[in-house]
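The values are calculated or read from the model by the stated rules, or taken from the named source; none is laboratory data. Only a predicted model underlies this, so the values are computations on that prediction, with no experimental measurement involved. Neighbour counts run over all protein chains shown; Cβ positions are idealised from the backbone, glycine included. The protein model used for the area step is the full one, side chains on, heavy atoms only, and it has no ligands, DNA or RNA in it. Shrake-Rupley method; radii C 1.70, N 1.55, O 1.52, S 1.80 Å.
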Amino acid sequence: MAQAWRCAALRWSAGSAELTWDGGRRSPLSWGKDVAFAVAPGEVRRCVGARGHPCPRRTPVPARSTGGRCEECARLDRAHSVAADTLADDPRPYHVYLAWFGPGTAKVGITAVERGTARLLEQGAVCFTWLGAGPLMAARRTEELLRAALRVPDRIPYADKRALRSRLPAGEAERAAELAGLHARAVGLAGWPESLAPAPFRPVDHVRAFGLDRDAPAAVGEVAELTAGGGVRGALVAAAGPDLHLRTARDTVVVLDTRLMTGWDLLPPTAGEDAPPAFPVRRFEAPADAARQDGLF
């Protein structure tokens, strides 16, 4: 039997992505690369553990969970976490940013200055701008100020991000227009912490880094879950955040959230008549003014 691989995560750095695997192996991703794997029949997805430690019980977890952790490991993973707001004494400086994912959809957030743009690439931000930099608690207060005064959320569901990628404006200036307005309103607010240094509006566009500028069909659906005995194969046409956009043999593009891959033992797929059936796909809802499609395949 072929050796099984366990996916650790999709990692972004310097504008490029790679799949990482338990044991330290890495698979750099490039446009056109064939992405193919299968799950053996009878296989069970198990908890990936937390903070570098395996789950002591190897607890089974739901196939549709994007966290891939049992309740106990999920609590441990979020302990002392900036994202979970349980770490208040981090001495590192933090950026406050505005990120845009598509028409009418922007968020405010913070990330450690030392991480650069990695956090924005991981979130699938189509474009972003820094708002300022300073101590963690000053960054948090600025984030809360924007949420309250401008009603800018600090979270956008990934399902919303995926649906918007097929309706992005063509030009960088158009994609940055909403951010420009939000940035101007944000820096004009009273109540900014004195220890947070404001940053000028300098939008950074990720459309090229994500491969969304290439001539490929828009994604029409997403893999709903991995299933025992199933598989996937497709050519990589784009990647954003944790998502891989794969062109299938029927010239249809579907999105695979790589967070669904963690916790499974993955094998190379078989070919020909013995090829595994495809994982189930959930179709994106069509915009109100678009004609309804009968099916994906």
* To do: Skip the ligands, DNA and RNA, and give the accessible area per residue of the chain with a 1.4 Å probe, whole Å².
  => 51
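Taking each pair of different alpha-carbon atoms in the stretch 37-78 once, compute 1/r for the pair, average those values, and report the inverse of that mean as the Kirkwood hydrodynamic radius in Å to one decimal.
10.8
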* P(r), alpha carbons of the stretch 130-197 - 10 Å bins starting at zero, rounded % -> 17, 42, 30, 11, 0
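Using Cα pairs closer than 8 Å and at least 6 residues apart in sequence, work out the relative contact order for the stretch 1-53, in percent.
Reported as a whole number, the value is 20 percent.
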* Per DSSP, loop trypsin sites (Lys or Arg not before Pro) in the stretch 216-256 with at most 16 further Cβ within 10 Å -> Arg250
* Structure fact -> At R0 = 25 Å the Cβ-Cβ FRET efficiency linking Glu72 and Met137, nearest 0.05, sits at 0.25
* Between Pro200, Pro91, Pro242, which gets the highest mean-square fluctuation from a Gaussian network model of the chain, Cα cutoff 10 Å? -> Pro91
* Can you give me the three principal axis dimensions of the stretch 1-62 from its C-alpha atoms, in Å, biggest first? => 37, 29, 21
* **the chain, helix-only ellipticity at 222 nm - DSSP H runs n ≥ 4, -39,500 (n - 2.57), divided by all residues, nearest 500** => -5500 deg cm²/dmol
* Asked: Based on the Cβ-Cβ distance of Val113 and Glu18, what FRET efficiency does E = 1/(1 + (r/R0)^6) give at R0 = 25 Å, to the nearest 0.05?
  -> 0.60
* **Accessible-area composition of the chain, carbon plus sulfur, in percent [1.4 Å probe]** => 51
* Asked: At a Förster radius of 25 Å, what calculated FRET efficiency corresponds to the Cβ-Cβ distance of Ala180 and Arg151, to the nearest 0.05?
  -> 0.90
* Asked: Tell me, what ³J(HN,Hα) does each residue in the stretch 125-130 have, in order and in whole Hz, if you take phi through Karplus 6.51 cos²θ - 1.76 cosθ + 1.60 with θ = phi - 60° and put x for Gly and Pro?
  -> 5, 5, 8, 7, 9, 6
* Order of 145-155, 176-186 by packing, highest average Cβ count within 10 Å first? -> 176-186, 145-155
* Asked: Under a point-charge model restricted to the Cβ atoms of Lys and Arg (+1) and Asp and Glu (-1), what is the dipole moment magnitude of the stretch 112-266 relative to its Cα centre, in debye to the nearest 20?
  -> 140
* Residues in the stretch 122-141 near a label at Asp89, defined as backbone nitrogen under 15 Å from the 7 Å Cα→Cβ point? -> 136-137
* Asked: About its Cα centre, how strong a charge dipole does the chain have in debye, to the nearest 20, once Lys and Arg get +1 and Asp and Glu get -1 at the Cβ?
  -> 320
* To do: Enter the mean projected area of the convex hull around the alpha-carbon atoms of the chain, in nm², rounded to one decimal.
  => 16.9
* To do: Name all residues of the stretch 182-226 having a backbone nitrogen under 19 Å from the label point set 7 Å from the Cα of Thr248 along its Cα→Cβ direction, giving them as ranges.
  => 216-226
